[in-house]
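Values quoted throughout were computed directly from the atomic coordinates according to the rules given, and no laboratory measurement underlies them. Keep in mind the model is a prediction, meaning the values are calculated, not measured. In this analysis, Cβ positions are derived from the backbone assuming ideal geometry, glycine residues included, and neighbour counts consider all displayed protein chains.
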């Protein structure tokens, strides 16, 4: 098994492509329920284990969530086994057999002689060591909106934010400016290198950037998370570079570019969400309970 | 049924969520086999019919292709029926029951009072009436690479290119410049308004832009196509604005922004592909046979 499997608490069941894990608090949203980022990370990690190849692309559809400590069973199947590329399907179910998430994706053998090239430009930002420490994305959104609200200390590290650290860089220049562009440096608290699975776990933040672009404070229910990957080098910090696209009828879409500390484009992610608008009285609730 | 259903030759079978269609030549690649753009268009169109809602997002995984005139059976299921949002799954199989494509997506009721907003900038390009007529994307790629090769007339309108027209605009300025940025105005030959399903059909062109960004002439086998939608107004022409992201080990990833003639962002699409490099002797073959 991999460091991903350890991070995600994954156990192999002995069935072909069978795994399970518990909804531990670091794999949960702020309200303790299964976090979407966990579902895509599990889909990536189990696909890589089953196919013995690197994940190229993964789409995870969020069908339902599960309460704290629920056991989630995961079945990871190879739909089309190719010499180089495997098309895969991953399904996560709760103990009652209900579907929690469904994923489609592919893994492959990246030709060592195939070139690497990235065709996007990284925003010019301050490095992690010179960026605002101890931030939360939700707190940053409130600050941007000019809202004074101190997140209670006990709400700062609920759920998945227990195991990751956010720092907010200064953005000196942006290659593709527009509303709602936000950047965060993110690392694992234990400073382990970041893999595709853990990057997907960290990057599940599009709803907030889309709400911010539309000019309101909010978040949303993610309908999916899709990630497309390059190769991950030994990076401890990644830059989550959020680029919202569209808001229409209270649904939203956005992308995230994921950069290494050395400025290499590691992955491109995208999400669609159903948006939620928060008002003053919601902040306390949100701080305690929402994803 | 819809204009999409007519375009795609979709028939309802009478089974719940059951449809079928034949791989007619306008739904095929240049070699007559099932075209990936058809698979995502069918997934969008049947999801909208079954749920009576607009598609918000769709990911189609290309598992295999089917020969000319094969009958494809489509099953469109609602995985999670919400008051507003439906999470759906679509599966296409050939007459032997083999999976050709698998899709996950969502449809929803876009709140009429929800704002529309787009957060990207459209490239400044010449309008369709002042753009290079009668182009093919493959021919444009060759021209960009400085390769003199006249596509045989009989190869210019094979497969799906029979029913759509491409024009290549002049790009006056690009908001996010980089290698491989390419734009095409596209419309249906019959000048019917473009829907999300037909836009997805037209935008299945990421491999070419990624190859072009990496500095070689080529294409690729698409592994998936993912589209995220706003609302489509009465647009006859769409601008396919291709933005490649990454090439690594002969796999590639890229996005497409889809704009209306009036400059509204209609959708954002993305694909991952396994890249193919073409050399001189391949062009004739490609012109006749590849997607």
Report the per residue volume, in Å³, of the convex hull enclosing the C-alpha atoms of segment B:111-163. 176
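Quick check on chain A: helices-only [θ] at 222 nm, where DSSP H runs of length 4 and up contribute -39,500 (n - 2.57) each and the sum goes over total residues. Nearest 500, please.
Working: 7 runs with 59 residues, N = 291.
Counting only the DSSP helices, I get -5500 deg cm²/dmol.
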Computed over segment A:159-291, Cα set: Rg, Dmax in Å: 14.6, 44
Run the simple label-point estimate for residue A:170 and residue A:134 please: 7 Å along Cα→C-beta, distance reported in nm. 2.0
Relative contact order of chain B, please, whole-number percent, based on alpha carbon pairs below 8 angstrom and at least 6 residues apart. 19
Quick one: label points 7 angstrom along Cα→Cβ at residue A:192, distances to the other copies in nm, smallest first? 5.2
Calculated P(r) of segment A:1-119 - Cα pairs past 25 Å, %: 22
Projected-area mean, chain A, by convex hull of Cα positions, square nanometres: 14.9
Relative to a virtual label point 7 Å from the Cα of residue A:191 in the Cα→beta-carbon direction, which members of segment A:234-269 show backbone nitrogen distances below 14 Å? A:235-237
Placing the label point 7 Å from Cα along the Cα-to-Cβ direction, what are the distances from residue A:126 to the equivalent spots in the other copies, shortest first, in nm to one decimal? 4.8
Taking alpha-carbon centroids only, segment A:184-231 lies from segment A:1-44 a number of Å equal to 17
Across the identical copies, how the residue B:146 labels are spaced - nm, sorted shortest first, 7 Å along Cα→Cβ: 5.4
Distance from the Cα centre of segment B:242-262 to that of segment A:126-165, in angstrom? 32
Hey, could you grab the Kirkwood Rh for segment B:160-236? Inverse mean 1/r over distinct alpha carbon pairs, Å, one decimal. 14.2
In nm, to one decimal, how far is the residue A:124 label point from the residue B:69 one, both placed 7 Å along Cα→Cβ? 6.3
Viscosity 0.692 mPa s, temperature 37 °C: what is the translational diffusion coefficient of the protein assembly as shown from Stokes-Einstein with a Kirkwood Rh over Cα pairs, rounded to a whole number of µm²/s? 138
